[in-house]
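Below: one structure, written as structure tokens.
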Amino acid sequence: QVQLVESGGGLVQAGGSLRLSCAASGRIFSIDAMGWYRQAPGKQRELVARIGSGGRTNYADSVKGRFTISRDDAKDTVYLHMNSLKPEDTAVYYCNLQRGLSYYWGQGTQVTVSS
């Protein structure tokens, strides 16, 4: 089993910054990709950012230039650095790990951006 533990969410004013962390543990063996998704009330879960095993990244258009994803392979941890936050970034943020055809999810962490 793989466990993902997220941290770093909270309440921040518009224009502020937060850093989310997600630590993976358990029977990891290898990681193909890790990423962050978010789900706002009444909306579908959407990809925010993803980083592959070779360091290749991709971002949702809505966060490009504001968010940066990074990973520390020695710690099996992925980070999401969020700058210039907007009220529309308010959502529950979920960590995701892909290993082959298997996908694992964290429990989610709330990010609330006040205007």
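The values are calculated or read from the model by the stated rules, or taken from the named source; none is laboratory data. This one's a predicted model, so the numbers in the text were calculated from it and none came from an experiment. Note: ideal-geometry Cβ built from the backbone for every residue, glycine included; neighbour counts use all protein chains shown. These accessible areas exclude ligands, DNA and RNA; they are computed on the full protein's heavy atoms, side chains included. Shrake-Rupley method; radii C 1.70, N 1.55, O 1.52, S 1.80 Å.
General remarks:
- Contact annotation: residue pairs with Cβ atoms under 8 Å, 6 or more positions apart or on different chains, pairing a residue in the stretch 88-115 that is basic (K, R) with a partner that is outside any helix (DSSP H, G or I), are R99/V2; R99/I28; R99/F29; R99/S30; R99/I31; R99/D32.
- Test: residue in the stretch 91-107 that is of a type outside the set (G, A, S), under 14 Å from L20 (Cβ atoms), out of contact with any Phe, Trp or Tyr (no Cβ under 7 Å at 6 or more places or on another chain) and surrounded by fewer than 18 Cβ atoms within 10 Å (Cβ to Cβ): yes
- The stretch 15-55, subset at pLDDT 95 or above and of a type in the set (K, R), residue farthest from L80 (Cα to Cα): K43
- Taking the criterion of being surrounded by 13 or more Cβ atoms within 10 Å (Cβ to Cβ), charged (D, E, K, R) and either without any contact (Cβ under 8 Å) to a residue 24 or more places away in the chain or assigned to a strand (DSSP E or B) (or both), the residues of the stretch 48-84 that qualify are R50, R66, R71.
- Among the residues of the stretch 85-115, those that are part of a loop (DSSP other than H, G, I, E, B) and either farther than 16 Å from A49 by Cα or in contact with a Cys (Cβ under 6 Å, 6 or more places away or on another chain) (or both) comprise K86, G100, L101, G106, Q107, S115.
- For S30, the conditions (1) open to solvent by 80 Å² or more (accessible area, probe 1.4 Å); (2) over 19 Å from G108 (Cβ atoms) all hold with the exception of (1).
- All told, G9 meets the bar of being open to solvent by 20 Å² or more (accessible area, probe 1.4 Å) and either farther than 11 Å from N96 by Cα or at pLDDT 95 or above (or both).
- Condition check for R45: surrounded by fewer than 18 Cβ atoms within 10 Å (Cβ to Cβ), under 15 Å from G16 (Cβ atoms) and touching a residue at least 12 places away in the same chain (Cβ under 8 Å): no
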